[in-house]
Amino acid sequence: MHVAATRPPEALAVTHHKKLAILVGGGPAPGINSVISAATIRACLEDVEVIGVRDGFEWIMHGDVDHVTPLTIETVSRIHFRGGSHIGISRANPTVDPQHLENVVISLLRLNVSQLISIGGDDTAFSALKVEQRAERRIRVVHVPKTIDNDLDLPAHVDTFGFQTARHYGVEIVKNLMVDARTTSRWYFVIAMGRKAGHLALGIGKAAGATLTLIPEEFAGRPIRLKALVDTLAGAIIKRLSYGRRDGVAMIAEGLVLDLDPGDLAQLEDVERDAHGHVRIAEVNIGEILKAAVQKRLAQFGLKTTLVAKNIGYELRCADPIPLDMEYTRDLGYCAAKYLLAGGNAVVISMQGGHFVPVPFEHMLDPATGRARLRLVDIHSTRYAIARRYMLRLRRDDFDDPHELAKFAATAGLSLQQFREEFEPLVQLEPPPLDISPASVPAGTASPCRGSSTLKSDDSR
């Protein structure tokens, strides 16, 4: 994302009798309270009154101005240590009904609010944009990006706050599951939150050294056939068995559900959707679906293994932030308040390379949809290529090695040709091997790494 100049601050003078309001939308993420705390302290030190709008847009979009709470230095000075949201949260969407949007603006004006900090993900960012536009400069608005999904359209090196904390605690969970899997000779299918993006699943899986990780991005935007997922998991189990191991942990991004071929998951039509029209992914138990399908697939080869499906995400969203997120969010909260109080407006607050960078609202939008763009995992990056090399899953070079292939085929009770027919289609979308040789990437260049790799595959073995 390219940084461009923001629109000049409005001529509206900063007046101390006007209030600054803070609200939180979307799902929880570690570090929310730190943003609230830092922004409140900064504003109070400049003699600006601060209020917290409880439960996001839930009440003010209906004209209810009673659900607010005063925020002071005394009340917020230690909340940065804790997860959750001091002022609540909701997924209420004021942009669906024009009257709701009008109610938000009128409610804030009734509360004598001239400045608003919204904290949330892509949907809350879009709502903040619409509030700013509807307010017509009567209320200045900035947005602090928050999501454990890490999918807001910021530069690749800039994480959304909460992601690193969620990954930290996710790794701790998976680490324990890996020990349990080894001890009890079973496989875990761990479903990680993330909506359409696979950042959290991949971040946990790579850091923990999970056996393999499946993310929607690896299917190149195509409708995902359930059979492809089932065969990838079954193939990994067979490969692992051929090495004498009956255990494993597969990280699976929940967003795979959203790209499943409708014909493979027709019941998706009956799944509840949220106020923004998104499928409530938690209502589709993809872990149990895959568990049953993989067990059935393995049974075709006379193989039986214990599979356990486990969802993680809710355990991560309200965790106490790790120091990295505490510091990061204090920076974001400080800059949000300082920028607003200096007359700033209509930007997403970001820290890039240790510097404050305001990103105009309009630069976060996809011109084709008018909605906030999402940042997906770059499957062509070195980072992802290394992750793939450490996964234990069927690979293209497995089918070029007759000795390896013979082991896998024997484990499945198949001939070499039969095994090829069953599983070789899986490697069609496999990214090219990684080349990090001096010849391919001269020192001091930033060229992408491509070509053959000297890394041995399946280093998690």
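Every read-out reported here was derived from the displayed coordinates using simple, explicitly stated rules and does not represent laboratory data. No experiment lies behind these values; they were computed from the predicted model shown. Cβ coordinates were reconstructed from backbone atoms using ideal geometry, including for glycine residues, and neighbour counts include every protein chain displayed.
Some observations on this one:
- Measuring r between the beta carbons of Ile73 and Glu421 and using R0 = 60 Å, the FRET efficiency lands at 0.30.
- Here the peptides 188-199, 368-379 are ranked by packing, the mean other Cβ count within 10 Å, and the order with the highest first is 188-199, 368-379.
- Note on segment 5-157: with charges restricted to the Cβ of Lys and Arg (+1) and Asp and Glu (-1), its dipole about the Cα centre is near 320 debye.
- Note on the chain: Kirkwood radius taken over Cα pairs, Stokes-Einstein applied at 4 °C and 1.567 mPa s, translational D equal to 55 µm² s⁻¹.
- Prolate/oblate/rounded label for segment 79-121 (Cα gyration tensor, a/c 1.5): oblate
- The long axis of helix 32-45 is offset from the longest Cα principal axis of the chain by roughly 20 degrees.
- Listed by chain and number, the lysines whose alpha-carbon sits under 25 Å from that of Lys296, ignoring those within fewer than 8 places in the same chain, are Lys227, Lys239, Lys304, Lys310, Lys407.
- Counting only DSSP beta bridges with both residues in the chain, the antiparallel share comes to about 25 percent.
- With contacts taken as Cα pairs under 8 Å and at least 6 residues apart, the chain reaches a relative contact order of 20 percent.
- C-alpha long axis of helix 226-242 to longest principal axis of the chain, angle in °: 60
- Three-way shape call for segment 350-431 based on the alpha-carbon gyration tensor, with the a/c threshold at 1.5: prolate
- Tensor-based shape of segment 20-166 (alpha-carbon gyration tensor, a/c under 1.5 rounded, otherwise prolate or oblate): oblate
- Helix 98-110 axis, angle to the chain major axis (alpha carbon atoms, nearest 10°): 50
- With R₀ fixed at 51 Å, the C-beta to C-beta distance from Ala410 to Gln352 puts the FRET efficiency at about 0.45.
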